[in-house]
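Trainee: The structure is given below, and queries will be raised subsequently.
The values are calculated or read from the model by the stated rules, or taken from the named source; none is laboratory data. Bear in mind the structure is a predicted one, so any value in this text is a computation, not a measurement. All Cβ positions, even for glycine, are placed from backbone atoms using ideal geometry, and neighbour counts span all protein chains on display. Just the protein is used for accessible areas: all its heavy atoms, side chains included, with ligands, DNA and RNA removed. Shrake-Rupley method; radii C 1.70, N 1.55, O 1.52, S 1.80 Å.
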Amino acid sequence: MSEPPLRVLIVDDQALVRAGFRMILEAQPGIEVVAEAPDGEAAVRLARRHHPDVVLMDVRMPGLDGLEATRRILGGDAGAGSTTPPRIIILTTFDLDEYVYAALRAGASGFLLKDVTPEHLVGAVRTVAIGDALLAPAITRRLVERLARPKAGGVDASVELSSLTARETEVLGLVARGMSNAEVGAELFVTEATVKTHVAAILSKLGLRNRAQVVVFAYESGLVQVGAVDDGGGSAG
């Protein structure tokens with residue numbers, strides 16, 4: 001029995017952008033575009049109706065913007081009747097964007113520039129659908145370093161980080177540097193399955209949704225210092 005297709009909701013205020021993405025995605029086996037939305041209000045409504053696996057979400061739209069729509073969808077407004085909230089990919093024309101950073105903090109799984117190639121668009125949808133974050137290490141590091149600062153009275157590192165074991169803290173730091181599970185395993189001489197177990201424990205203990213939020217937390221808690229990470233490293237997996 002074949003797997004059901006990945007269900008995608010496309011949200012953008014430009015009809016040509018929506019049509020282009022639909023054409024690219026529907027040409028691929030195993031992907032179905034279930035709906036298109038021209039704004040955030042429609043996105044929340046259609047996410048509630050169709051329960052997509054992945055949402056491609058523009059951030060800058062009139063009315064309810066993509067950031068607030070992301071918060072509502074992941075916060076439960078669109079989750080009635082659905083066991084798992086959708087993975088959200090932010091669409092933007094700017095890689096260093098306050099909207100993108102805020103969306104990652106809210107639980108988006110990553111972001112794409114709107115001039116993305118068809119191959120990367122399809123790959124991104126498949127990547128986040130299986131639970132991985134869409135994080136290009138160099139771009140994400142620049143984004144987070146520009147906008148994330150340890151916050152007095154915000155993230156209480158001494159309390160939240162103390163809930164992690166020494167190995168989990170080590171894994172957290174490596175994930176925040178953009179390493180995939182395989183790369184973390186190679187660095188620590190453990191299996192990829194062991195890394196996945198550690199990552200799951202980190203997400204649970206810190207109350208985080210995904211690896212993108214792990215990156216943000218690591219910088220805001222001060223675990224990873226701004227300027228301390230090279231541009232190298234692989235994509236999250």
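Trainee: Can you tell me how many residues within the range 165-193 are open to solvent by less than 50 Å² (accessible area, probe 1.4 Å) and of a type in the set (S, T, N, Q)?
Mentor: 3
Trainee: Assess whether A124 counts as being out of contact with any Gly (no Cβ under 9 Å at 6 or more places or on another chain) and at pLDDT 90 or above.
Mentor: no
Trainee: Pick out the one residue from V175, V171, V155, V190 that is under 27 Å from P86 (Cα atoms) and modelled with pLDDT of 90 or more.
Mentor: V171
Trainee: Please go through the range 99-132 and give me each residue that is among the charged types (D, E, K, R) and under 10 Å from the mean Cα position of the chain (by Cα), ordered by number.
Mentor: R105, D132
Per-residue answers, yes or no, for (1) touching an Asp or Glu at 6+ places or on another chain (Cβ under 6 Å); (2) surrounded by fewer than 23 Cβ atoms within 10 Å (Cβ to Cβ); (3) closer than 16 Å to L112 by Cβ:
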residue	(1), (2), (3)
Q14	no, yes, yes
V17	no, yes, yes
R22	no, yes, yes
L25	no, yes, yes
I31	no, yes, yes
E41	no, yes, no
R71	no, yes, no
R87	no, no, yes
I90	no, no, yes
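Trainee: Got a number for residues in the range 181-201 being outside any helix (DSSP H, G or I) and not hydroxyl-bearing (S, T, Y)?
Mentor: Matching residues across the range 181-201 total 2.
Trainee: Six or more apart or on different chains, Cβ under 6 Å: which pairs go from a residue in the range 101-116 that's of a type in the set (K, R) to one that's part of a strand (DSSP E or B)? Could you list them?
Mentor: K114/L91
Trainee: For residues in the range 43-63 being small (G, A, S) and under 20 Å from S109 (Cα atoms), which is surrounded by the most Cβ atoms within 10 Å (Cβ to Cβ)?
Mentor: A43
Trainee: While we're on this one: Does A103 satisfy the criteria of being buried (at least 17 other Cβ atoms within 10 Å of the Cβ), in contact with a helix residue (DSSP H, G or I) (Cβ under 7 Å, 6 or more places away or on another chain) and in a loop (DSSP other than H, G, I, E, B)?
Mentor: The answer is no for A103.
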